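Each remark here refers to the structure printed beneath this line.
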Amino acid sequence: MRRDKAWWAGLDKGERIRLIWLERGASELGGGSAYLPEGYSDCGFCSTPTSGGGLCKDCRNDLRVLIAKADKKCKGGVD
């Protein structure tokens with residue numbers, strides 16, 4: 001869905017901030033660590049060890065929930 005003013009209005013200020021940071025974390029490759037096994041890195045948002053890069057499963061879920069909430073409110077749905 002297009003992210004115009006109405007879409008962003010579907011989220012409160014804290015949710016908008018969290019969404020931006022989660023999206024930034026998703027684009028990060030994640031920091032490697034000498035303490036993590038080969039093929040693992042830190043989540044780009046919360047630093048939880050995860051396989052591959054980007055976000056851990058909990059942060060990916062939070063990102064999906066926030067986007068779905070804004071989509072739903074923009075389409076006229078109620079929470």
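Summary table below
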read-out	value
Alpha-carbon centroid distance for the pair the stretch 33-79 / the stretch 8-26, whole angstrom	12
Computed helical MRE - 222 nm, the chain, DSSP H runs ≥ 4 contributing -39500 (n - 2.57), nearest 500	-15000 deg cm²/dmol
All aspartates and glutamates inside 20 Å of LYS72 as judged from Cα atoms, apart from same-chain residues fewer than 8 positions distant	ASP4, ASP12, GLU15, GLU23, ASP62
Contact order relative to length of the chain, as percent, for alpha carbon pairs under 8 angstrom and 6 or more apart	32
Convex hull (Cα only) mean projected area of the chain, reported in nm² to one decimal	5.4
Proximal lysines relative to LYS73, as straight alpha-carbon distance under 19 Å, when same-chain residues fewer than 8 apart are discounted	LYS5, LYS13
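Every read-out reported here was derived from the displayed coordinates using simple, explicitly stated rules and does not represent laboratory data. Since we're looking at a predicted model, the values are computed, not measured.
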